[in-house]
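Reading through the structure tokens given below for one structure.
The values are calculated or read from the model by the stated rules, or taken from the named source; none is laboratory data. As the structure is a computational prediction, the values presented were derived from the model and not from experiment. We place every Cβ from the backbone using ideal geometry, glycine too, and count neighbours over all the protein chains shown.
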Amino acid sequence: MNSKTNIAIEAATDGACSGNPGPGGWGGLIIFIDNSEIEIGGSEQNTTNNRMELTAAIKTLEKLKNYQLKENFKLRTDSKYVIEGYTKWISNWKKNGWKTSAGKSVQNLDLWQKIDELRIQGLEMEFVKGHSGDKQNERVDLIATSYSKGIPLDSEVKKLSSEIDSKETGSSKIQNLFLKNELLEKFAEKKYFLNSSELNELLGEESYPLIKKYELFEWRNWRLIPKNQKYWIIENKHA
């Protein structure tokens, strides 16, 4: 991907934390005009949800500095804390010597100062309601949640997924089935979480009625198990 010519058209970020404070993760997604994407993510052992939301935005802004952005570029997040701080609070804090209106120290000062340094002219932050079915928000939520649980999403999984799509034309059903099973094996090995729409995309429309029931079912060598009232995990029946 040529950072000089490829134009970023949108980004999404999310943070997650178990315990608050506790183990946390963050995720970011950048989408380009040629339909390519960049996913980023990371984790911290002892943190808070607000710090992970801020970190996700910071890391994504750092990446965006390398690319040309379309006009009225939007960074989408479900964190009103990040949006309000970025668009309103920082200005007042700086006037008060990085103090709140009550004269107290600003919480997460290091991250607020960092995000202020990374401002990109013309970039807008847009609120999106979390867990509402928004595809990009669901994706960065999955990245952040997976990292918080110590399950990083690696590039190999995305590569296999891309291979399935790219081989749709000019390849046999057997080749596509092989790639699909390779991808299922990777998800089972890493215990990655998938939401229902992602699982439907992976298995195909014929599995939609089973996925919609949100009950355990089997597909070829695999056992599909509902998890946490939102996700699915995959197990190899013969492992």
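Assorted remarks:
- Single residue of F217, F178 found to be over 24 Å from I40 (Cα atoms), modelled with pLDDT under 80 and of a type in the set (F, W, Y): F178
- For segment 195-239, filtering for residues that are under 18 Å from the mean Cα position of the chain (by Cα), of a type outside the set (A, V, I, L, M) and in a strand (DSSP E or B) leaves 3.
- Residues in segment 113-126 that are surrounded by fewer than 12 Cβ atoms within 10 Å (Cβ to Cβ) and in a loop (DSSP other than H, G, I, E, B): R119, Q121, G122.
- Odd one out for N66 among (1) more than 19 Å from the chain's Cα centre (by Cα); (2) without any contact (Cβ under 8 Å) to a residue 60 or more places away in the chain: (2)
- Checked against (1) at pLDDT 95 or above; (2) buried (at least 23 other Cβ atoms within 10 Å of the Cβ), C17 meets all criteria but (1).
- Only one of I83, I120, I90, I115 that is among the β-branched types (V, I, T), closer than 19 Å to N137 by Cα and in the same structural domain as V140 (by TED's automatic domain parsing): I83
- Residues considered: D134, D78, D110. Of these, the only one that is at negative phi and at pLDDT below 95 is D134.
- Residues within segment 99-112 that are surrounded by 15 or more Cβ atoms within 10 Å (Cβ to Cβ) and either without any contact (Cβ under 8 Å) to a residue 60 or more places away in the chain or outside any helix (DSSP H, G or I) (or both), tallied: 4
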